[in-house]
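Here the structure is laid out as structure tokens; the discussion comes afterwards.
Every read-out reported here was derived from the displayed coordinates using simple, explicitly stated rules and does not represent laboratory data. Everything numeric in this text was worked out from a predicted model, so none of it was measured. Cβ: placed from backbone, ideal geometry, glycine included. Neighbour counts: every protein chain shown.
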Amino acid sequence: MASSASVHGMWSSRLMFILAATGSAVGLGNIWRFPYVAGENGGGAFVLVYLLCIALIGIPIMSSEVLLGRAGRQSPINTMFGLAERSGVSTNWQLLGWLGAASGFVILSFYGVIAGWAMHYVVLGASGEFGGLTGAGAAEMFGNFTGNAWLVLLWHAVFMLLTTFIVARGVGEGLERTVKYLMPALFVLLVALIGYAVTTGGMGDALAFLFAFNFDKLTGGGVLIAMGQAFFTLSLGMGAIMAYGSYMPKDASVIGTVTTIALLDTGVALMSGLVIFPLVFANGLEPTSGPGLMFITLPLAFGQIDGGLVFGTIFFVLVTFAAITSSISLVEPAVAWLVEHRKVSRRAAAATVGGLAWLLGLGSALSFNVLSDFRLPGGLDFFSTMDYLSNNIMLPLGGMLIAVFAGWIVKREIPQEELGLSPGGYAVWQFLVRFVAPLGVAVVFVMVFV
Ligand code: TRP
């Protein structure tokens, strides 16, 4: 039954919910993944589709996750179970919670590896390795590092341990404190870096690349990737935001907070693009460089600017923290479920989930070295397969079903009460959640897979 508080703890205020959910949303998806997938898919038109997906699919689904979580006040699996029961429909809807928990593992298996890279770059930055780099030198540095399996494995393990420790400490203590100061600091540093990017002379080309809507360059597969990126960057479709919503106080507005989070997240992604692409064009690098794009371009910038040693180091520290505030939300749904269902301690639950995710992540860590020639069915390496599966299939599928559940299945009183909208506002919300969001995902799926 619904209760007014979660056994796992509660956010201390509406602001804390916004910070935590923004912490979840803002991460490697914005700084590392957005620029490189936009680069690989031709820029402008891809960016437009991504923005449309944020507005028309992302925001409605995010509001659905938050309201369902807050109405259920349990882990996503048990929230889905409980709300299905209350609505008199099949409790098989809990399978959606299971799909989400599985997506969390799949995502973390590559997320932890990239976060480990960022940690290694803190050390490279602090030891002055960025000084005087050329484009080719930066690419070589990246290749040498990712080719070193033991080093990559070491940082991956360190990151997974950190994530596990923070989650073990619980909602208030671990999560709140981390986001409060680090998110604003990241924002400030990105603004400063845009300032530098303007001086490189590549800003004009970067703006044209990101915002000239050249549809010739966009393929059906690109549309799917743009939609997947929208899900990934907003932490949608797996229950992370549902879990966070279950710790949200009753008096906060769902639509208001969700819109704020989406705007902040989109802002950070676009800012990252405006930092990275001027550097790409000014230094004759390729926008299609793939997952290494951020790790090649930014050291180049820090190697040039005054105080680059300090700023470069701080920047990668902040990226690491942004990754941690996201990774903790990837494990939270599974951890909360273990605590509820198996009555184990939060610590034991965090260790179990963290350990399993670490194990699965070994495949991604080795995809850039030992296993670089290994292909899974589908023709991609382990890392790319995990990325493709989660972002382009599992998250949109999960998100679509969440929208269907919130829009059509759950008892009407629940969204009405949680959203607290005027009748007109509610009608708009219902239209988006019933039709626009699920059909949007369905159309893209049919376009690409049928
Ligand atoms: N949104 C995060 C990022 O952009 C990643 C993330 C955290 C995530 N939790 C999630 C993605 C849940 C999908 C689902 O880095």
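Of 141, 248, how do they rank once you tally other Cβ atoms within 10 Å and put the fewest first?
Exposure proxy ranking, most exposed first: 141, 248.
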Find how many whole Å separate the alpha carbon centroid of the range 228-255 from the alpha carbon centroid of the range 185-203.
30
Once the piece of chain linking residue 427 and residue 208 is laid out straight, how much longer is it, given 0.36 nm per residue of separation minus the C-alpha distance between them?
75.0 nm
Restricting to lysines and to Cα separations under 24 Å from residue 250, and discarding same-chain partners fewer than 8 apart, the set is 180, 411
By count of other Cβ within 10 Å, fewest leading, how are 216, 205, 381, 387 ordered?
216, 205, 381, 387
Highest-MSF residue in the chain out of 343, 411, 180 [GNM, Cα springs under 10 Å]
343
Using alpha carbon centers only, the range 311-376 is separated from the range 9-45 by a whole-angstrom value of 17
Packing-based order for 74-81, 147-154, 101-108, 229-236, using average beta carbon neighbours within 10 Å, highest first
229-236, 74-81, 101-108, 147-154
Expressed as a rounded percentage, what relative contact order does the range 14-448 have, with Cα pairs under 8 Å and six or more residues apart?
37
Determine, for 129, 418, the number of other Cβ atoms within 10 Å of each Cβ, and report the residues in order from fewest to most.
129, 418
Cα-Cα pairs above 34 Å in the chain: how many percent?
28
Expressed as an acute angle from 0 to 90° and rounded to the nearest 10, what is the orientation of the C-alpha long axis of helix 44-53 relative to the principal long axis of the chain?
20
To the nearest µm²/s, what D does Stokes-Einstein give for the range 1-42 at 37 °C and 0.692 mPa s, using the Kirkwood radius over alpha carbon pairs as Rh?
253
